[in-house]
Amino acid sequence: MKSIIQDMKHNYIINAIIMVILGLVLVIWPDILGNILCFILGGALIVMGVFQLIGFVRGERLGFYNKFNMFMGLVLVLLGIWVCANPKVILSIVPVIAGIIILLHGLMDIQYTFDIKKAGSPKWWIGLIAAIITIIFGLILVLKPFTSYKITMVLIGAAMLYDGISDLALLLFSFLVQKDSDRRVRDFKG
């Protein structure tokens with residue numbers, strides 16, 4: 001039983017240390033995770049394209065389908081190279097799409113706010129403030145996508161860093177409590 005508990009403690013410590021390291025990496029270099037993901041995506045596209053080209057060269061399929069393999073293989077290889085060479089462009093697309101969705105939602109919220117005002121609610125202005133804040137966030141994501149991405153990565157990194165440090169503090173606290181409990185048992189027996 002004690003070895004299971006020891007293993008759990010070791011795993012907990014390792015997980016906490018990994019969280020601290022990943023958190024620090026994301027806080028210090030917020031765009032590294034996105035770049036790694038872009039390189040993985042680009043590499044996967046290149047590999048898929050190479051397999052398509054190998055199928056073409058081997059001539060396993062004849063006619064139009066074989067030519068399609070060649071075309072698709074070239075497109076996938078070139079797209080993979082482009083993704084690896086332009087990770088910032090790829091990373092900027094995600095916040096723009098999210099920003100457009102949030103912006104549209106904010107505009108719908110303004111319409112709902114005016115409907116609430118027409119219904120006679122005296123606190124309709126609270127909804128208007130919330131809608132304007134939503135629109136501002138949407139605009140920031142659309143107009144400053146890479147900055148938004150970096151801020152998001154820093155926040156994720158800070159959360160991971162906090163989680164790892166708090167786990168280590170909890171482990172230290174539990175160790176001190178266990179040590180005190182063991183001392184009390186020894187004192188009681190002695």
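The values are calculated or read from the model by the stated rules, or taken from the named source; none is laboratory data. What you see is a predicted model, and the numbers here were worked out from it, not measured in a lab. For neighbour counting, all protein chains shown are included, and Cβ atoms are generated from backbone atoms with ideal geometry for every residue, glycine included.
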- Go through region 78-112 and give me each residue that's more than 30 Å from PRO30 (Cβ to Cβ) and not hydroxyl-bearing (Ser, Thr, Tyr). MET108, ILE110, GLN111
- So which residues in region 123-177 are touching a residue at least 40 places away in the same chain (Cβ under 8 Å), of a type in the set (Gly, Ala, Ser) and closer than 30 Å to TYR112 by Cβ, if there are any at all? SER148
- Please list, ordered by first then second residue, the pairs with beta carbon atoms under 6 Å, 6 or more apart or interchain, first in region 56-74 and closer than 21 Å to GLY42 by Cα and at pLDDT below 75, second part of a helix (DSSP H, G or I) and among the basic types (Lys, Arg). none
- Task: Being in contact (Cβ under 8 Å) with a residue 12 or more places away in the chain and surrounded by fewer than 13 Cβ atoms within 10 Å (Cβ to Cβ) is the filter here, so list the residues in region 10-20 that pass it.
- Result: ILE18
- Verdict on ILE102 being in contact with a Ser or Thr (Cβ under 7 Å, 6 or more places away or on another chain), among the aliphatic types (A, V, I, L, M) and at pLDDT 85 or above: yes
